[in-house]
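Structure, as structure tokens:
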Amino acid sequence: MRRLFALHAAAAAALSMSVVPAAADRAAADACAERLSAESKLIYAATIGAVAPGTDLREVVRSKTRSLVMGGKLSRSQAQPAAEAAGACLKMAL
């Protein structure tokens, strides 16, 4: 019984430690996004909800950016530089 309790306590401690860095990374990503252009902020906002460890960030940014272009919210000429800038901030959230 004691061993089981110790195992649960260790697991809970490990989980609580893994949550703190993720929150700090998201905060850093959000702070970075505040300095982005309006176009890059649009991509950041559309993408941040889909960012998680193990995500193919490049593909997610590409997909979301393409949707914004196809929807008329972003021009083709603005898309690549805006996506690159947003991607730099989004990497911090991983």
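What is the packing order of peptides 77-85, 29-37, 53-61, taking the mean over residues of other C-beta atoms within 10 Å and listing the highest first? Mind showing how you got there, number by number?
Values: 77-85: 16.6, 29-37: 15.0, 53-61: 13.2.
Packing order, densest peptide first, comes out as 77-85, 29-37, 53-61.
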A correct fewest-to-most ranking of LYS64, LYS41, LYS73 by other Cβ atoms within 10 Å would be LYS73, LYS41, LYS64
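Readers should treat all values here as calculations from the given coordinates under stated rules, not as data from a laboratory. This one's a predicted model, so the numbers in the text were calculated from it and none came from an experiment. Cβ sites come from the backbone with ideal geometry, for glycine too, and all protein chains shown count toward neighbours.
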